[in-house]
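Working notes for the structure below.
Throughout, read-outs are computed from the coordinates displayed, never taken from laboratory work. This is a predicted model, so every value here is computed, not measured. Counting neighbours? That spans all protein chains shown, and the Cβs are built from the backbone with ideal geometry, glycine included.
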Amino acid sequence: SQTIHQWPATLVQPVGSPLSLECTVEGTSNPNLYWYRQAAGRGLQLLFYSVGIGQISSEVPQNLSASRPQDRQFILSSKKLLLSDSGFYLCAWSLGGEQYFGPGTRLTVT
Amino acid sequence: AQSVTQPDIHITVSEGASLELRCNYSYGATPYLFWYVQSPGQGLQLLLKYFSGDTLVQGIKGFEAEFKRSQSSFNLRKPSVHWSDAAEYFCAVQWGSEKLVFGKGTKLTVNP
């Protein structure tokens, strides 16, 4: 069966520091991968999605970036965090239909 | 732009009562429809999905949803709510091969 992992589970970072969140999927090949951010009361915001290695589409222009160095690995990064980057970050995978979500990373920027 | 509306931000029901959470979507091509549930601090779990066929779909945890094309709706129902159902519920819609569009969620509180 397929599983999706995210780490770290929680992270507290100062403003201006770099960020790297990792997501890996097991048990499937060539999935579509997604990064979402969930801020309080604002639902889910799609940040990036990828249909293959090295293929990244950005939905929201901001100081975040994403990379997909391997088929089942998706990384969310920032060179300098802003206070507004705080939130709950969710990774998801799909094969074209329903999406399956990871457990999330709670990021607090102080 | 295509959109998904969950008109109720917060609903409170008593344990054992019936539940209906509303979801409406803007007109577009034949949609794929989903309901997800999220417990505090957790990821989203798929409750049920509709792609085609019978418009009443059964999901996990005793939930069901009915697709009504004429009303552009996909409401989630449960005949008898349990305290463990307290969570936030998200409706999501996919038009063709486009990305999922999520509603803003409905938070469910269950009173004992």
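Can you give me the Cα centroid spacing of the stretch A:54-107 and the stretch B:31-49 in angstrom?
Between the Cα centres of the stretch A:54-107 and the stretch B:31-49 lies a distance of 18 Å.
Would you mind working out the magnitude of the charge dipole of chain A relative to its Cα centre, with +1 at each Lys and Arg C-beta and -1 at each Asp and Glu C-beta, to the nearest 20 Debye? Please list the in-between numbers first.
Details: 7 positive and 6 negative charges, 60 e Å.
Dipole of chain A, to the nearest 20 debye: 280 debye.
What are the extents of the Cα atoms of the protein assembly as shown along their three principal axes, in Å, largest first?
Each principal axis gives a Cα extent; for the protein assembly as shown these are 48, 38, 35 Å.
Under 13 Å from the Cβ of B:THR109, count the other residues' Cβ atoms, weight Lys and Arg +1, Asp and Glu -1, and hand me the total. Let's see the in-between values first.
Details: positive: B:LYS107; negative: B:ASP8, B:GLU15, B:ASP85, B:GLU88.
Neighbourhood net charge equals -3.
For chain A, what's the relative contact order in percent, using C-alpha pairs closer than 8 Å and at least 6 residues apart?
36
Please report, largest first and rounded to whole Å, the three semi-axes of the ellipsoid equivalent to the stretch A:3-109, where each semi-axis is the square root of five times an eigenvalue of the C-alpha gyration tensor. Each step should come with its number before you reach the end.
On the way: eigenvalues 95, 38, 33 Å².
After scaling each eigenvalue by five and taking roots: 22, 14, 13 Å.
Of the DSSP beta bridges with both residues in the protein assembly as shown, give the percent that are antiparallel, rounding to the nearest 5.
On the way: 71 of 80 bridges.
So the antiparallel bridges in the protein assembly as shown amount to around 90 percent.
Which semi-axis lengths, in whole Å and largest first, follow from the square roots of five times the eigenvalues of the Cα gyration tensor of chain B?
Details: eigenvalues 108, 41, 30 Å².
For chain B, the semi-axes come out at 23, 14, 12 Å.
Just going by the charge dipole of the protein assembly as shown, with Lys and Arg at +1 and Asp and Glu at -1 on Cβ, which of A:CYS91, A:THR28, B:GLY53 is farthest out on the positive end?
Among A:CYS91, A:THR28, B:GLY53, the one farthest towards the positive end of the dipole of the protein assembly as shown is A:CYS91.
How high is the relative contact order of chain B? Use alpha-carbon pairs under 8 Å, at least six apart in sequence, and give a whole percent.
Working: 275 pairs, mean separation 42.4, N = 112.
Reported relative contact order: 38 percent.
Set the bar at 26 Å for Cα to Cα. Now go through B:LYS78/B:LYS99; B:LYS61/B:LYS104; B:LYS78/B:LYS107; B:LYS49/B:LYS78; A:LYS80/B:LYS104 and name every pair that lies beyond it. Walk me through the numbers before you get to the answer.
Values: B:LYS78/B:LYS99 28 Å; B:LYS61/B:LYS104 22 Å; B:LYS78/B:LYS107 15 Å; B:LYS49/B:LYS78 15 Å; A:LYS80/B:LYS104 28 Å.
Correct reply: B:LYS78/B:LYS99; A:LYS80/B:LYS104.
Fewest first, what order do B:TRP95, B:TRP35, B:TRP83 take by the number of other Cβ atoms within 10 Å? Let's see the in-between values first.
Numbers: B:TRP95 17, B:TRP35 26, B:TRP83 11.
So the residues, fewest neighbours to most, are B:TRP83, B:TRP95, B:TRP35.
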